[in-house]
1. What angle do you read, to the nearest 10 degrees and between 0 and 90, between the alpha-carbon axis of helix 498-513 and the longest principal axis of the chain?
2. Near residue 208, within a Cβ-to-Cβ distance under 12 Å, what is the net charge of the other residues, with Lys and Arg +1 and Asp and Glu -1?
3. List the lysines whose Cα lies under 30 Å from the Cα of residue 241, skipping any in the same chain that are fewer than 8 positions away.
4. Could you size up the charge dipole of the range 99-279 around its Cα centre, putting +1 on the beta carbon of Lys and Arg and -1 on that of Asp and Glu, and report it in debye to the nearest 20?
5. Helix 401-420 versus the longest principal axis of the chain: what is the Cα-based angle in degrees, 0 to 90, to the nearest 10?
6. For the chain, state what percent of all Cα-Cα pairs lands in each successive 10 Å bin, counting from 0 Å until the bin that includes the largest distance.
7. Of the trypsin sites (Lys or Arg not before Pro) in the range 376-450, which ones lie in a loop per DSSP and count no more than 14 other C-beta atoms within 10 Å?
8. With no solvent and one point on each alpha carbon, what is the Debye value of log10 I(q)/I(0) for the range 1-128 at q = 0.15, 0.16 Å⁻¹?
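Bear in mind that the values in this text are calculations on the coordinates, not laboratory data. Here the structure is a predicted model, which means the values were calculated and not measured. Cβ atoms come from the backbone with ideal geometry, glycine included; neighbour counts cover every protein chain shown.
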Amino acid sequence: MSTAPRCDRTVAWGALKGHFEAHGRDLDLREAFARDPGRFASFAVQAPQVFADLSKNRWDLATRQLLLDLARECGLEARRDAMLAGEPINTTEGRAVLHTALRAPAGQGPFSTEVHEVLNRMLAYAETVRDTAASGIRHVVNIGIGGSDLGPQMVVPALDAFVHPAITMHFVSNVDGHDITPVLRGLKPAETLFIIASKTFTTQETMANAQVARDWFVANGGTDVDKHFVATTTNIEAAAKFGIGTTFGFWDWVGGRYSLWSAIGLPIAIAIGSEHFRALLAGAHAMDRHFATAPLNENLPALLGLLDVWYRNFHGFSSRSVAPYHQGLKRLPAYLQQLEMESNGKQVDLAGEPLPFGTSPVVWGEPGTNGQHAYFQMLHQGTDVIPVEFIAVKTPTHAHADLHRKLLANCLAQSQALMLGKTTDAALGEKAPTASAELDAETVARHRTFPGNRPSITLVLDRLTPESLGALIALYEHRVFTSGVVWGINSFDQWGVELGKALCNDLLPRLSSGETQGLDGSTAGLLKRLTAA
Ligand code: F6P
């Protein structure tokens, strides 16, 4: 396995530290653009389906070179190749990491026979459901959580223009009954298909909601559980025990948050059809090839992952905001939260040694322009610098050209405003009709000053299609992989979710009994408050 040094023990890390002090901390984007008319071109990267403008970032060509040196010293290429070859790089679980095999064309990539057998069967099944005259299905309810929910829940609205017009997709994830109750309201068993999506088929939330769904189905006259319930899981035995005969399997080398390309993508396949699902896979595969073969200085996932390291560990930015200027991508920030934060929210390296530097940033966001009217105030004038990631789509799938021009103008204006800012002098020279007449002009101008020099990335897709979305998602996967390799962590386990699960199992019976013995004072007090008659 990897013999590469951890990032903070490399020569490049030391060089980056020196470079940051000399040229990084105080780099001013406005000056950088004034000095170099070729800056946009120097930091423009074209990957399959995705163009990236990285020029509005607080780095220069020397930074990029040093980050590339860092990637090489940390063994990024060797580790990438090990992942793609199916080596067990998820060392804490002794597993390979092969979501890329799920989108490799038949005959290419590891486990091709198994992958394509399930894919073909799943897509054929999806087509039978989509034949609504024969299937009678009008509603599909996906019950799953985390990676068994967030991918399909993000992709289906993103590809709304491609979705079957007579089938409504629903997603239930939370063990809170307020999630499933409104979904079931108004549904008819004969017209409804439930997909129970769980890699392990043991997850509390999913099993509990599946039980509620089955009880509802039977109580409302449903007769054929076998026809109206399917499972997507690696645990086919448990699904059978639950009474589900139709199952689509996958394998332990598919991580939950990397699983939308597997049988977990069944709701996507039903929504958009087999041809479009294959296009989604093809788009991701094209990005896989780019990541595998493009030289690192033109390799978009690698460059983004390295920029993330630069911001997190040198500039000290602990958060990144994602602003998709496409309403269809409204669930992308939530999807990326799991992808990035569950993958790279780690505090020890591969050898279990505590890390002396920060790892995953907080990833958050909302679609533009909505975010502009909520938290963008803080991005422009707050005390923290938060790099923003804009995603723009050149051509919409709707016919409202005027709305789209306004959307794009807003997107460009925000990244421009973040970078350019506004000096107090400039603010002094402007009229501020809504400012209080009680205040002197200087004070008003200080409130209306923008520091600027706030960094952003802009990603541009020509159209949001199955293919471009596949490429975009794979881009993020490999970006997360890149920063994880540099940090020397295992991006593919998630032990951090275990403790809460175990404590929940202890607390659950106490919610009925009210027993508080052995609990800490706060939990005991809250439990009493929640269980009091
Ligand atoms: O939250 C932990 C986690 O294991 C995620 O990694 C996973 O995506 C989710 O739970 C759901 O797990 P399963 O698909 O096994 O129900």
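1. So the inclination is approximately 50 degrees.
2. On the way: positive: 214; negative: 176, 179, 205, 215.
Summing Lys and Arg as +1 and Asp and Glu as -1 gives -3.
3. The reachable lysines, counting only those whose Cα sits under 30 Å from residue 241, are 188, 199, 227, 501.
4. Details: 12 positive and 16 negative charges, 22 e Å.
Rounded to the nearest 20 debye, it is 100 debye.
5. Roughly 50 degrees, rounded to the nearest 10.
6. 3, 17, 25, 25, 17, 9, 3, 0
7. When the trypsin sites (Lys or Arg not before Pro) of the range 376-450 are filtered for loop state and at most 14 Cβ neighbours within 10 Å, 431 remain.
8. With one equal scatterer per Cα and no solvent, log10 I(q)/I(0) is -0.92, -0.96.
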